[in-house]
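Bear in mind that the values in this text are calculations on the coordinates, not laboratory data. These numbers come from a predicted model, not from an experiment. Every residue, glycine among them, receives a Cβ derived from its backbone with ideal geometry; neighbour counts consider all protein chains shown.
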Amino acid sequence: MLIFLFIQFFFVPLPLQTKHVRSMTALQMNAELFRAMGEIADDETLMAKVVKYVKKLAAQKKADPTLMTKEEFFRRVDEAKKGPLYELREGETLDDLIKRVV
């Protein structure tokens, strides 16, 4: 019986690890990045490629134009309230309202 368990434990193929299905937190991604970089830290060519790619990614990062402060949001809401109001008439569709307003 002991031999059977030994054979079953060591010779039965284990399932291959798959990519992480769940999303990682920023802290986990940071740790994973530094772990992976530690594996190639002694190779100057690979490290140069990493630096070049990270700089390329940093250049792609742009400010989100939709972000605004709470004060700016409420200021824009107050300005919108000063403008004309449009309401749907009875039996009117949203498309009809847009045609009427534009």
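Take each of the peptides 74-83, 58-67, average the number of other beta-carbon atoms within 10 Å over its residues, and list them starting from the highest.
74-83, 58-67
Over all pairs of different C-alpha atoms, region 25-101 has a mean inverse distance whose reciprocal, the Kirkwood radius, equals 18.3 Å. If you count Lys pairs in region 25-101 whose Cα atoms are under 29 Å apart, skipping same-chain pairs closer than 8 places in sequence, the total is 10.
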